[in-house]
Amino acid sequence: RLLVALTPEDASRAFRELGAATVHEAIGRRGALPSAIKPFGGEGKMAAPVFTVSTSPFQNIAIHEALYVAPRGSALIVETGGGHEAGYWGDILNSAAIAAGIAGLIIDGCVRDLDQLKSMSLPVFARGVCLRGTGKERIPPHLLGSPIRIGEVLVHTGDWAVCDSDGVVIIPHDEVEFALEGGRSREAKEAAILREIAAGRTTLDIYGF
């Protein structure tokens, strides 16, 4: 649910300006994906609705298929069944995703072709880099658009992801307005605290410790 007259593009811009940590705090310290998932390509910042993918360990055909099913402007978020040590995504999928209008990738696994990914525009968030290849077999689970779990977070298609160098936070689709309002309120409070610090007050005084 978006604020009145707020487009998805407006929401994306606002969330990127707020940042993942601020949004995480604003929604009650919920939604944080495992800290191992970090930026590995593109701008290093992203905020977009997600399209979920569940693939069996060391197989990536579901990711290929998701590129052509996911709505344009959405980010793929991929659960790999714990098979983290493989390069599920590389320069070919990155190029195909850009052509398909995909906003970015979040994967609970690894990627490869790092030099190429860094030179391209698509934001990529992953556990790491691994040169080990993947197969193309449709081994269950092989699900597109169904709920997935990454770490402690249950993710549904249509939820929002806010991603930057601090990590990735997931916002339930019906809490987008709440997250934006809470994030802006928190940002204003932090700006006031910084002004007080600049004026000579201590954090002990400000927080009442």
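The values are calculated or read from the model by the stated rules, or taken from the named source; none is laboratory data. Please read all numbers here as calculations on a predicted model, not as lab measurements. Cβ atoms come from the backbone with ideal geometry, glycine included; neighbour counts cover every protein chain shown. The protein model used for the area step is the full one, side chains on, heavy atoms only, and it has no ligands, DNA or RNA in it. Shrake-Rupley method; radii C 1.70, N 1.55, O 1.52, S 1.80 Å.
The range 136-209 and the range 9-73 have Cα centres spaced 11 Å apart.
Ranking D205, D164 from most to least accessible surface, computed with a 1.4 Å probe over the protein chains only, gives D205, D164. Computed from backbone phi, the HN-Hα couplings of the range 139-155 come to 9, x, x, 9, 10, 10, x, 8, x, 10, 10, 10, x, 9, 10, 8, 10 Hz, rounded to whole numbers (Karplus: 6.51 cos²θ - 1.76 cosθ + 1.60, θ = phi - 60°; Gly and Pro given as x).
When only alpha carbons of the range 75-114 are considered, Rg and Dmax amount to 10.1, 29 Å. Residues whose amide H falls under 5 Å from that of G73, counting only those 5 or more places apart or on a different chain, are I102, A103, with hydrogens built in the peptide plane.
For the chain, the cysteines with no partner cysteine C-beta closer than 4.7 Å are C163. For the range 22-104, trypsin sites (Lys or Arg not before Pro) meeting the loop criterion (DSSP other than H, G, I, E, B) and having at most 12 other Cβ atoms within 10 Å: R29, R72. Close amide H contacts of F40 (hydrogens built in the peptide plane, cut-off under 5 Å, sequence separation of 5 or more or a different chain): V124, F125, A126. Legend: translational diffusion of the chain by Stokes-Einstein, Rh = Kirkwood radius over C-alpha pairs, 20 °C, 1.002 mPa s; D = 122 µm²/s.
Note on R184: accessible area is roughly 110 Å² with a 1.4 Å probe, heavy atoms of protein only. In this view, the solvent-accessible surface of E175, computed with a 1.4 Å probe and all protein chains in place, comes to about 40 Å².
Take S12, S146, S35 and sort them by solvent-accessible surface of the protein heavy atoms, 1.4 Å probe, largest at the top.
S35, S146, S12
Surface exposure of the range 52-150, expressed per residue as accessible area with a 1.4 Å probe, stands at 41 Å². When the alpha carbon gyration tensor of the range 67-148 is reduced to an equivalent ellipsoid, the three semi-axes, largest first, read 18, 17, 11 Å.
Couplings 3J(HN,Hα) for the range 156-167, derived from phi with the Karplus relation 6.51 cos²θ - 1.76 cosθ + 1.60 (θ = phi - 60°), are 10, 4, x, 5, 10, 10, 10, 9, 7, 5, 7, x Hz, where x marks Gly and Pro. Mind running the shape call on the range 92-209? Use the C-alpha gyration tensor, a ≥ b ≥ c as the square roots of the eigenvalues: rounded below 1.5 for a/c, prolate if a/b tops b/c, oblate otherwise. Verdict is prolate for the range 92-209. For the range 79-85, backbone phi angles converted through the Karplus equation (6.51, -1.76, 1.60; θ = phi - 60°) give residue-by-residue couplings of 9, 10, x, x, x, 5, 8 Hz, Gly and Pro being listed as x. Just the protein heavy atoms count here, and of the accessible area of the chain at 1.4 Å, carbon and sulfur take up 54 percent.
Adding -39500 (n - 2.57) for every DSSP H run of four residues or longer, then dividing by how many residues the chain holds, sets the calculated 222 nm ellipticity at -9500 deg cm²/dmol.
If a/c stays under 1.5 just call it rounded; otherwise compare a/b with b/c (prolate if a/b is bigger, oblate if not). Do that for the range 145-195, with a ≥ b ≥ c from the square roots of the Cα gyration tensor eigenvalues.
On the way: a/c = 3.66, a/b = 2.04, b/c = 1.79.
Prolate, because a/c is 1.5 or more and a/b exceeds b/c.
The amide H of Q59, built 1.01 Å from its N in the peptide plane, has G135 as neighbours under 5 Å, considering only residues 5 or more places off or on other chains. Using C-alpha pairs under 8 Å with a sequence gap of at least 6, the mean separation divided by the residue count of the range 1-100 gives a relative contact order of 23 percent. Using a probe of 1.4 Å on the protein chains alone, the accessible area found for Y88 is around 0 Å².
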